[in-house]
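Visitor: For reference, the structure I am asking about is given below.
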Amino acid sequence: MDTKNIKTIVENVCALTGCKINECTFTEDGDTLWCSISTPDSRFLIGRDGEALKSFNHLVKKMAEKEHGEEALRNLQIDVNGYQKQHMDSIRATAHMLAERARYFKSSIEAEPMPAFERRVMHMFLEQMKDIKTESKGEGRDRKVVITFVENFDNDKI
């Protein structure tokens, strides 16, 4: 899907809600397309603990799917005034801290329950660590990432 179409949808939704957009830009980060919005009305678009932003993301995706079909929009993320990027950095920092804790105690550590996208961020961040294994456990809102330390055995000594 063309970013121009997504930008039009975002601008139309914001116009209907009365939120002013200063700038709307797009960047790619791996397989995620980030739509970054700069606005003086961020409190309305972000909401409490990012709940309004999650809803805004969902609404824009559904509108784009209805107009253009289900083209690779699963990895579209809307960010308002850098809120989402800071949140992802916080998730990565938490993942790093939990991985270090799993190494120190040589055991499994469970993260707090989180939405699918946040679990995905954690899995992708930790996949580069050879002595750490991750998996998601639980159902629905209780689904969480379990981080496990894996002993590295030297194949020559076995």
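The values are calculated or read from the model by the stated rules, or taken from the named source; none is laboratory data. Being a predicted model, the structure only gives us computed values, none of them experimental. Neighbour counts run over all protein chains shown; Cβ positions are idealised from the backbone, glycine included.
Visitor: For the stretch 78-109, name all the residues that are surrounded by fewer than 18 Cβ atoms within 10 Å (Cβ to Cβ) and in contact with a strand residue (DSSP E or B) (Cβ under 6 Å, 6 or more places away or on another chain).
Guide: Within the stretch 78-109, LYS85, ARG101, ARG103, LYS106, SER108 qualify.
Visitor: Given the criteria on the phi < 0 side of the Ramachandran plot and not assigned by TED's automatic domain parsing to the domain that holds LYS133, does PHE26 qualify? Explain how you work it out, then say what you get.
Guide: On the way: on the phi < 0 side of the Ramachandran plot: yes; not assigned by TED's automatic domain parsing to the domain that holds LYS133: yes.
In short, yes.
Visitor: Let me ask something else about it. Could you list all residues from the stretch 13-42 that are among the acidic types (Asp, Glu), closer than 18 Å to ASN75 by Cβ and in a loop (DSSP other than H, G, I, E, B)?
Guide: Residues of the stretch 13-42 that are among the acidic types (Asp, Glu), as a first pass: 23, 28-29, 31, 41.
Within this subset, residues satisfying the condition of being closer than 18 Å to ASN75 by Cβ are 28-29, 31.
If the condition is that a residue be among the acidic types (Asp, Glu), closer than 18 Å to ASN75 by Cβ and in a loop (DSSP other than H, G, I, E, B), then ASP31 is the only one that fits.
Visitor: Are there any pairs with C-beta distances below 9 angstrom linking a residue in the stretch 2-28 that is in contact (Cβ under 8 Å) with a residue 40 or more places away in the chain and under 19 Å from GLN84 (Cα atoms) to a residue that is of a type in the set (Phe, Trp, Tyr) and not in a helix (DSSP H, G or I), with the two at least 6 apart or on different chains, and if so which?
Guide: ILE6/PHE26
Visitor: For the stretch 111-144, how many residues meet the condition of being of a type in the set (Val, Ile, Thr) and closer than 21 Å to GLN77 by Cα?
Guide: Residues of the stretch 111-144 that are of a type in the set (Val, Ile, Thr), as a first pass: 121, 132, 134.
Imposing the further condition that a residue be closer than 21 Å to GLN77 by Cα reduces the set to 121.
Residues that pass the stated criteria total 1.
Visitor: Based on this model, can you work out whether GLY82 counts as in contact (Cβ under 8 Å) with a residue 12 or more places away in the chain and of a type in the set (Gly, Ala, Ser)? Step through it out loud before you land on a result.
Guide: Working: in contact (Cβ under 8 Å) with a residue 12 or more places away in the chain: yes; of a type in the set (Gly, Ala, Ser): yes.
So GLY82 fits the description; yes.
Visitor: Also, quick follow-up: Count, please, the residues in the stretch 84-101 that happen to be among the aliphatic types (A, V, I, L, M), closer than 19 Å to ARG48 by Cα and at pLDDT 95 or above.
Guide: The initial filter retains those residues of the stretch 84-101 that are among the aliphatic types (A, V, I, L, M), namely 88, 91, 93, 95, 97-99.
Next cut, closer than 19 Å to ARG48 by Cα only: 88, 91.
Keeping just the survivors that are at pLDDT 95 or above gives 91.
Qualifying residue count, the stretch 84-101: 1.
Visitor: Do the conditions hold for ALA72, that is, is it under 20 Å from THR148 (Cα atoms), at pLDDT below 95 and loosely packed, with under 15 Cβ neighbours inside 10 Å?
Guide: Working: under 20 Å from THR148 (Cα atoms): no; at pLDDT below 95: yes; loosely packed, with under 15 Cβ neighbours inside 10 Å: yes.
In short, no.
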